[in-house]
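One structure is given below, encoded as structure tokens.
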Amino acid sequence: MSFTDEYATLPDYIIGITDRIWEKRGIGLIRRWYSEDCVMHTAFGDSAGVNLVVSGTEETLHAFPDRRLLGEDVIYSGGAAGNGYSSHRIISTMHHRGDGSFGPPTGRPLWARTVADCLIRDGIIVEEWLVRDQAAIALQVGVDPAAWGRQRAEVLAVEDGALPDPDALPDAPLVLDDSAGGQVAATMLRIWNEADLAVIATAYDPAVNLHLPCNRPAFGHAGADAWVLSYLAAFPDARLSIENIITRTDPGQPVRVALRWRIAGTHSGRGAFGPASGARVHIPGISHLELVGGKIVREFVLIDELAIWTAIGLRLG
């Protein structure tokens, strides 16, 4: 059974509509494939309504008119009769050629990753969780992420806006099973909620390849340890909650896991984000992991660090 009349599988659908909306400029087709009251979740808050999805796409293409969306992977569950859940990892290549949230055009070439998780019902996207590595974009166009966050905080203060509630984590944690995804989720909970970094040596391959926020690479157990410590040092009371898990075991590929998660914490230490500010921070993220022989050999971590810098800017005033 095909996923829809036009697309044989859920990955075909996700990659196909992305190409037709972005690459082929069928922006109005968003209204065909997104529900009228679709909900969009980002690190800067939630919004509802397809018109906001359309306007957001138009603004992005104004600033980056040659933006290409190169699909790296679609990790999904379901996939029958137009229903399912997808986690789509994308590399975007582009030039900064229009005015927008990153200031006047610089003409600079850049690239950044995005992961979009979509809930699809009857061939229509009804809810999406979008995490873009916007700090990577800022750095490549010559904008300091901390300064960007302070400026955004000033706008939010004037507009009486607010970032998501840092304490709004789910009351009932997701029940973990014995799948590879459940085991990876349990590892993340130990690392973040118990500061048990020793588990890195048992869960990760010694040659693990990490793709981190701001386009930063890291390698091996030492690379994973250093990155986690940079966050735990900044947010020593961090509490992580897993919101969604997908495990794929497709022939000819490593086991692939997509995790959607959130961290709440207080910026009370000096780590990845400079001197402690006391800001309460809400960090939504999505991770894609690949496992061979039960060990994590590759991990992609998507976090919008501009939202963290904005929360710090709101605290500092």
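Bear in mind that the values in this text are calculations on the coordinates, not laboratory data. Remember, it's a predicted structure, so these values are computed and weren't measured experimentally. For neighbour counting, all protein chains shown are included, and Cβ atoms are generated from backbone atoms with ideal geometry for every residue, glycine included.
Assuming 1.002 mPa s and 20 °C, estimate D for the chain with Stokes-Einstein, Rh taken as the Kirkwood radius over Cα pairs, in µm²/s. Intermediate results must be reported in sequence, preceding the final value.
Values: Rh = 20.2 Å.
Estimated via Stokes-Einstein, D reaches 106 µm²/s.
Of the residues 137, 21, 296, which exhibits the maximal mean-square fluctuation in a Gaussian network model of the chain defined by a 10 Å Cα contact cut-off?
For the chain, modelled as a Gaussian network with Cα springs under 10 Å, the answer is 21.
Could you line up 308, 30 from fewest to most neighbouring Cβ atoms inside 10 Å?
Details: 308 28, 30 21.
Final ranking by Cβ density, sparse to dense: 30, 308.
Based on DSSP loop calls and a cut-off of at most 13 other Cβ atoms within 10 Å, the longest stretch of the chain free of exposed trypsin sites (Lys or Arg not before Pro) is what? If you can, show how the numbers build up before the last one.
Working: sites that count: 24, 25, 270.
The reported range is 26-269.
Please work out whether the range 96-141 counts as rounded, prolate or oblate from its C-alpha gyration tensor, where a ≥ b ≥ c are the square roots of the eigenvalues and a/c under 1.5 means rounded, while otherwise a/b larger than b/c means prolate and anything else oblate? Could you put the intermediate results ahead of the total?
Numbers: a/c = 3.57, a/b = 2.58, b/c = 1.38.
Prolate shape, in that a/c is at least 1.5 and a/b is the bigger ratio.
How large is log10 of I(q)/I(0) for the range 1-128 at q = 0.19, 0.20 Å⁻¹ when the intensity is taken from the Debye formula with one equal scatterer per alpha-carbon?
Log-scaled intensity ratios, in q order: -1.12, -1.23.
Project the alpha carbons of the range 180-316 onto their principal axes and report the range along each, largest first, in whole Å.
If we take the Cα atoms of the range 180-316, the spans are 51, 27, 27 Å.
For the range 5-71, state which GluC sites (Glu not before Pro) are in a DSSP loop and have at most 14 other beta carbons lying within 10 Å of their beta carbon.
Numbers: sites: 6, 23, 36, 58, 59; in loops: 6.
Answer in residue order: 6.
For the range 163-218 and the range 45-107, what is the separation of their Cα centres, given in Å?
Result: 25 Å between the Cα centres.
Which of these, 75, 283, 27, has the largest mean-square fluctuation under a Gaussian network model of the chain (Cα springs below 10 Å)?
27
Just need the relative contact order of the range 212-260 here, percent rounded to a whole number, with Cα pairs under 8 Å and 6+ apart. It would help to have the intermediate numbers written out before the result.
Working: 26 pairs, mean separation 11.4, N = 49.
Rounded, it is 23 percent for the range 212-260.
Find the relative contact order for the range 163-317 and round it to a whole percent, using C-alpha pairs within less than 8 Å whose residues are 6+ positions apart. Display every interim value, and only then the final one.
Values: 309 pairs, mean separation 37.6, N = 155.
Worked out over the range 163-317, it gives 24 percent.
Hey, if you put +1 on the Cβ of every Lys and Arg and -1 on every Asp and Glu Cβ in the chain, which of 230, 77, 285 ends up farthest toward the positive end of that dipole?
The residue sitting farthest along the positive end of the dipole is 230.
Running a GNM on the chain with Cα contacts under 10 Å, which residue among 123, 82, 142 ends up with the highest mean-square fluctuation?
142
For the chain, what is the calculated [θ] at 222 nm in deg cm²/dmol (nearest 500), taking -39500 (n - 2.57) for each run of four or more DSSP H residues and dividing by its residue count?
Estimated from H runs of four or more residues: -9000 deg cm²/dmol.
For the range 98-181, rounded, prolate or oblate, judged on the Cα gyration tensor with a ≥ b ≥ c (square roots of eigenvalues), a/c < 1.5 rounded, else prolate if a/b > b/c?
Because a/c hits 1.5 or more and a/b exceeds b/c, the range 98-181 counts as prolate.
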